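Scroll down for the structure; my scribbles are underneath it.
The values are calculated or read from the model by the stated rules, or taken from the named source; none is laboratory data. Please read these numbers as outputs of a predicted model, since none were measured by experiment. A quick note on method: Cβ atoms are made from the backbone with ideal geometry, for glycine too, and the neighbour counts reach across all protein chains shown.
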There are 4 protein chains.
Amino acid sequence: MKKLTYGMVGGGPGSFIGDAHRKSINIDGMATLVAGCFSRTPEKCRQTGAELGIDPDRCYASFEEMAKAEAARPDGIDFVVVVTPNVSHYPVCKAFLEAGINVSCDKPLCLTVEEGEALVKLAKEKNLLFLVTYTYMGHVTAKHIRKFIADGKLGKIRTVQAEYPQGWLAYEGEWGGKQGEWRCDPKQSGGVNCLGDLGTHVENAVSRMTGLKIKRVLARMDKLVPGRVLDDNDMVLVEYEGGAVGTYWTSQVAIGHDNDLRVRIYGENGSILWKQEECEKVIMISRDGTIVERHRGNGGIEDCAAAYGRLPSGHTEGWLESMGNLYKSFITCVAAKKEGKPYEIDYPTVEDGLEGVKFVHACLKSNEQGSVWVDL
Amino acid sequence: MKKLTYGMVGGGPGSFIGDAHRKSINIDGMATLVAGCFSRTPEKCRQTGAELGIDPDRCYASFEEMAKAEAARPDGIDFVVVVTPNVSHYPVCKAFLEAGINVSCDKPLCLTVEEGEALVKLAKEKNLLFLVTYTYMGHVTAKHIRKFIADGKLGKIRTVQAEYPQGWLAYEGEWGGKQGEWRCDPKQSGGVNCLGDLGTHVENAVSRMTGLKIKRVLARMDKLVPGRVLDDNDMVLVEYEGGAVGTYWTSQVAIGHDNDLRVRIYGENGSILWKQEECEKVIMISRDGTIVERHRGNGGIEDCAAAYGRLPSGHTEGWLESMGNLYKSFITCVAAKKEGKPYEIDYPTVEDGLEGVKFVHACLKSNEQGSVWVDL
Amino acid sequence: MKKLTYGMVGGGPGSFIGDAHRKSINIDGMATLVAGCFSRTPEKCRQTGAELGIDPDRCYASFEEMAKAEAARPDGIDFVVVVTPNVSHYPVCKAFLEAGINVSCDKPLCLTVEEGEALVKLAKEKNLLFLVTYTYMGHVTAKHIRKFIADGKLGKIRTVQAEYPQGWLAYEGEWGGKQGEWRCDPKQSGGVNCLGDLGTHVENAVSRMTGLKIKRVLARMDKLVPGRVLDDNDMVLVEYEGGAVGTYWTSQVAIGHDNDLRVRIYGENGSILWKQEECEKVIMISRDGTIVERHRGNGGIEDCAAAYGRLPSGHTEGWLESMGNLYKSFITCVAAKKEGKPYEIDYPTVEDGLEGVKFVHACLKSNEQGSVWVDL
Amino acid sequence: MKKLTYGMVGGGPGSFIGDAHRKSINIDGMATLVAGCFSRTPEKCRQTGAELGIDPDRCYASFEEMAKAEAARPDGIDFVVVVTPNVSHYPVCKAFLEAGINVSCDKPLCLTVEEGEALVKLAKEKNLLFLVTYTYMGHVTAKHIRKFIADGKLGKIRTVQAEYPQGWLAYEGEWGGKQGEWRCDPKQSGGVNCLGDLGTHVENAVSRMTGLKIKRVLARMDKLVPGRVLDDNDMVLVEYEGGAVGTYWTSQVAIGHDNDLRVRIYGENGSILWKQEECEKVIMISRDGTIVERHRGNGGIEDCAAAYGRLPSGHTEGWLESMGNLYKSFITCVAAKKEGKPYEIDYPTVEDGLEGVKFVHACLKSNEQGSVWVDL
């Protein structure tokens, strides 16, 4: 495969997520960063570009300019990575899709269901590939669970217990830094904080692992830290099509939890327990109660998942490698498409991103009405 | 302290819980079993009595007879232990209270709020002591958490996540045995299965550890195993007085869980994580995120809790010892009261039992009405 | 079975182990304490006797008197429990054996190989039953491992890694109390501290679980806390008959460990990992690396071991229940023997106790000679 | 900092370690691979070069040629990465040092003490930088422990228990593949297998974390799998200067262990427990027994270590990131040296590599003489 090129919107000085996307793409070295609009401040943009060894001609003052210019170049970028705050995901993605450029966008996809539907439509019309970077679904073990359940090995799923607690916003007037500020600011985050950031991960993880479709939700969203304007603790009851039920809990005030996404899935023939902070292992319980622990790199992991591993068992892979797995799938598809070859999508797409937005909006509606069931 | 005597109603052949109460009382040897009505079948009753070395004259054919006869004896029992199926808790407890005999009753206290209120009233009128054996609250670590939070060390509690999953009733037409049968039979269990058995433990554990009072609940109760008549998986949202919120999950279909009561408490100044299956330890997280693990028998456990330990740290104490701790408190009080001495109640009482019944009924009502908020 | 009676030597005020033996016997209520020589101080002896409800006539001033008097009574004790400091195990056991009374003695059995051999001989001549209370081998999971390996399910054992670290004697001039004092006093403990107390447990656990016979040992015994006279940290290399090898580590200066006996056994067909502080579970790894966790009370535990469980899975059993299991076996045998019925010994005997003494002495010899191999 | 360039010797088709070095350098993108001698087969070498986008002119047929040619180029590589089987580490490193090129070599450094001393001398004479890639010491938590102990926070170290069990070579005639073959072949691995591969990691981890110097060792090296020519299970007793003692265990036949390097350090003021498979956390126990768990990315980690983290807490970093940290230090130093700026070495050097070789040879000698103490 010939190495591809990509550009980035966002990811300027102090951006955790932009740097993380770059590092994770670097691991496998399948694409090179050659263009960017890293910041709304031109100077900062050029500075980041210089640090990253980007040709100054390809450091753009605006994403609109970048989309047009790159689309016009014969050696224009193969895809763009969108890592701006949530509020600008939509216009940026739209601009690049309209310019005919494949898109990778951080989650949540956008702020409204209408925006999400527009992006789905546009990507389809333009026949472009669109990755939404639900990082945790890149884990080998997450991919394993998806295949294992799809093959019917747990039987009918009965209940799911999923949660994503963090503790970094538990403090009045402390912590959080730049990250915390924009997340808790309704203007930048789109009127939802915790559920938009963490709840979409939970929704996607459960949906992706189990294949369950949400029928309706009932949500209770709280602002537990005095003075907070947006939700920082959310509890959601879920009813899936087919009768399974679930509980989702997300929190940013759960002191002691770092980034503790956990999914527990109970079927008629067994259960699966998974924690992203210990993502090198998966606990699988069979119908007779036998508790089996499997490790990435060892036997017992589905082949299509195990193939993403880079290191032997016990040589731990983590967050960057998971994100790298998403990009490995996505870049492989972009390259195949470019060369007119067939490809198989094995990553969360713009359609998955839309599901997340729908989930958030159904929860917001349920909460506003006093925690009633709202159909998705 | 002079050794007391007690009687038992229930606990005949094949009864797990009766044997467990006897063994836990035996540990400290503070009371001797001298009377009983162990079974509704006189022959089985006498047989159990003989095996336990009970005087045949004190093996009674009915609990009514036993209550009257023991009340009339100069050496009558100091207290009765009620370990019958839930449906008969009320009449048995009532009979002994009316006969002037102190009562220890397994949870849940009874089937209806009216019954519960009647028992509270009767115990008060008769000035009798009444233990409801919420076993897990006897753990040294559970007592530690209660004191720690009561002293304000977590600050204002913000959210509680509690659950009690088991897997033993996950199977259609299998498992469960005698236990499973009566629990799933509406006539014997009082129209509620999982939430009555496990939900009351969760309600009591959270209430006892945190001191939080439930303002209202919203429940979703499911029958996930085909053919089941009563609930086997329950999800409850809780709003406490003062603004804290919580999620409770109980299940009997969660394959892989044995008896997995867990309580996680998040306050403004830190968190506490506790699992009854690993009850020798408690995880305490301070405001700055420092995760501290404490073990029974080591430093850092509140004195009033540590005093209940019998063995050095690492010499594990378990379920029988927890139940034994409840009895140690209760028997100490019964003995003190008998001798006219002052005593301090440090065990769950009939009032706590009533709270459990109220909780169950509010959940049943919420569920019937399609998961709406119901005040307690 | 008719309830038996027993006496106790040692176990006076402040004795942890005497109280623990009594409590563990109480659980199943198969024997009643009716006689004792609880302390070398007659007054303390009578006081403990009174607290325990012992007839003053059967509170003896010396163990010699007790052995003779009880042997002479028609209703004399069925067995004696010896819980004195190590140094007096031998004379006490000897006196009761000579008087024709069955013996339960705490480990280590005695101080010298000669003493141990004399006790073995005497017990045989007198045809008496002799339990050495290696508590941890009473665990259901320990019994399970013994059977599992005896049935060849791990294949040939290749290596064993066993350890028993504690931290309570890590401090100069602090902690330890009465316990610490006699253990570190050469006169009372017999010239060895940590290896005698903890090493014998390790030796017995490995031997009992695996059936391996030690061929030779190589020991390094250290006094790591300044001022200590006896060993507080011991490292032993072991070569077993048949070519397997092992490492044992015992320590009383390992801050952070409570009572952390762990055994890991590696065979050609799989491995077993066991920790006494989490003795309700056992980790079993099969030849292909599948890691399986089993819990007491659930499927997958050998029947002969599971039969000792008293409570359902997840209702934790601990140290007292383990000790109780030893007594259950022992008392069952004593009762059967008394009634002339056949019995099967399923507990550590005086022969096992002798093995422990031999192990300690071989290690002492190895260490004195600069850590050379010493045959057992 | 200007991006550097590097070359690689070894790392051809099927080489795990070569690919892993490249990926870990990629993460931070501080150096670009521009030259290589990836295989002893010229065709395979060119093929790997082509896949990696290396100019064919810089794909060399022999390492000797590569060292000379690169030294002669004005844009020659800034450093070479040596990832060949152990037996050729020495000649390759020597060639590049003699050519004046900085070296990064995988561990173990070389086969004999003489070779190691020669490399130390040569690096010094040539004033070149030399990284030995003891990967696990790149972990943030490993760096934290080193600083924590260096600052005296554990007080005097008393004992160390370290181990590195794996299970991948537990099988006769199975598994292991190309990796297993050369490791078990005396000609390619230099007469030692498990202790050379794993024991050097243990030696380095303990030495680097604690600062302890080994005074003497006593080793027992076994071949537990029938038919094996070289050691596959090693037990080592260690005496450090100053009186501390330790036990090291390494094994390749411990079924169920993937790559389970663990170090436990016990000092007079507390303990530290660390497992590389869970390297995002460290357990620290203070003098009073308080068990504290710290996570990379959270408070309580020494600043000089925390600075190496790339992601927030709970966004797991693993093996590649650890190796990347070694390269980050090394490349920073190489760049500073190139620009004539001061630099501080914060990575394992050729001197550390020599210590590992000395350790292995002392163990071999001890084992040959029947497990006697051998001075280092």
Hey, C:G318 within 13 Å of another protein chain (Cβ to nearest Cβ) and touching a Gly at 6+ places or on another chain (Cβ under 6 Å) or not | yes
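Would you confirm whether any residue within region A:204-216 is of a type outside the set (A, V, I, L, M, F, W, C) and within 14 Å of another protein chain (Cβ to nearest Cβ)?
Start the filter on region A:204-216 by keeping residues that are of a type outside the set (A, V, I, L, M, F, W, C), which leaves A:204, A:207-208, A:210-211, A:213, A:215-216.
Going one step further and asking which of them are within 14 Å of another protein chain (Cβ to nearest Cβ), we end up with A:215-216.
The answer is yes; a qualifying residue exists.
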The condition from (1) more than 19 Å from the chain's Cα centre (by Cα); (2) modelled with pLDDT of 95 or more that B:M209 misses is numbered (1)
If you scan region A:250-260, which residues turn out to be touching a strand residue (DSSP E or B) at 6+ places or on another chain (Cβ under 6 Å) and buried (at least 24 other Cβ atoms within 10 Å of the Cβ)?
-> A:T250, A:S251, A:V253, A:A254, A:I255, A:G256, A:H257
For region D:364-376, what are the residues that are touching a residue at least 24 places away in the same chain (Cβ under 8 Å), away from chain C (no Cβ under 13 Å) and not in a strand (DSSP E or B)?
-> D:L364, D:L376
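Every residue in region C:39-70 that is acidic (D, E) and either without any contact (Cβ under 8 Å) to a residue 40 or more places away in the chain or within 14 Å of another protein chain (Cβ to nearest Cβ) (or both), please.
Across region C:39-70, the qualifying residues are C:E43, C:E51, C:D55, C:D57, C:E64, C:E65.
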Evaluate the following for C:I149: is it over 16 Å from the mean Cα position of the chain (by Cα) and buried (at least 23 other Cβ atoms within 10 Å of the Cβ)?
-> no
Checking B:G12, B:G36, B:G29, B:G18 in turn, the sole residue that is within 14 Å of chain C (Cβ to nearest Cβ), over 30 Å from B:P342 (Cβ atoms) and in contact (Cβ under 8 Å) with a residue 12 or more places away in the chain turns out to be B:G18
Among residues belonging to region D:113-153 that are touching a helix residue (DSSP H, G or I) at 6+ places or on another chain (Cβ under 7 Å) and not in a helix (DSSP H, G or I), point out the one that is nearest to the other protein chains (Cβ to nearest Cβ).
-> D:H139
Limited to region A:286-297, what total is found for residues that are more than 14 Å from chain D (Cβ to nearest Cβ) and in a loop (DSSP other than H, G, I, E, B)?
-> 4
With respect to C:R287, is the statement that it is in the same structural domain as C:I149 (by TED's automatic domain parsing), modelled with pLDDT under 95 and either out of contact with any Gly (no Cβ under 8 Å at 6 or more places or on another chain) or not aliphatic (A, V, I, L, M) (or both) true?
-> yes
Test A:R216 against the stated conditions and say whether it is surrounded by fewer than 21 Cβ atoms within 10 Å (Cβ to Cβ), within 20 Å of A:A362 (Cα to Cα), touching a residue at least 60 places away in the same chain (Cβ under 8 Å) and assigned by TED's automatic domain parsing to the domain that holds A:I149.
-> yes
Just one listed residue, out of A:V192, A:V236, is within 19 Å of A:H89 (Cβ to Cβ), surrounded by 24 or more Cβ atoms within 10 Å (Cβ to Cβ) and away from chain D (no Cβ under 14 Å), and it is A:V192
Determine, yes or no, whether B:E125 is touching a residue at least 40 places away in the same chain (Cβ under 8 Å) and among the acidic types (D, E).
-> no
Subset of region B:321-352 [within 14 Å of chain C (Cβ to nearest Cβ) and over 20 Å from B:V82 (Cβ atoms)] | B:E321
Out of the residues in region B:240-262 that are within 21 Å of the chain's Cα centre (by Cα) and within 11 Å of chain C (Cβ to nearest Cβ), state the one that is farthest from C:S313 (Cα to Cα).
-> B:L261
Looking only at residues in region B:263-279 that are buried (at least 24 other Cβ atoms within 10 Å of the Cβ) and within 14 Å of chain C (Cβ to nearest Cβ), which one is nearest to B:W168 (Cα to Cα)?
-> B:Q276
Do you know which residues across region C:38-73 are within 11 Å of C:M8 (Cα to Cα) and charged (D, E, K, R)?
-> C:R58
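Listed here are the residues, each with its yes/no results for (1) outside any strand (DSSP E or B); (2) in contact (Cβ under 8 Å) with a residue 12 or more places away in the chain; (3) within 30 Å of D:G167 (Cα to Cα).
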{"site": "C:I272", "(1), (2), (3)": "no, yes, yes"}
{"site": "C:E277", "(1), (2), (3)": "yes, yes, yes"}
{"site": "C:M284", "(1), (2), (3)": "no, yes, yes"}
{"site": "C:I301", "(1), (2), (3)": "yes, yes, yes"}
{"site": "C:Y308", "(1), (2), (3)": "yes, yes, no"}
{"site": "C:G314", "(1), (2), (3)": "yes, yes, no"}
{"site": "C:E321", "(1), (2), (3)": "yes, yes, no"}
{"site": "C:G324", "(1), (2), (3)": "yes, yes, no"}
Single condition B:A118 does not satisfy, out of (1) free of Cβ contacts under 8 Å to residues at least 40 places away in the same chain; (2) buried (at least 24 other Cβ atoms within 10 Å of the Cβ) | (2)
Determine which member of the set B:S322, B:S271, B:S286, B:S251 is among the small types (G, A, S) and within 29 Å of C:G324 (Cβ to Cβ).
-> B:S322
Count of residues meeting criterion [under 26 Å from the mean Cα position of the chain (by Cα) and not aromatic (F, W, Y)] in region D:30-58 = 14
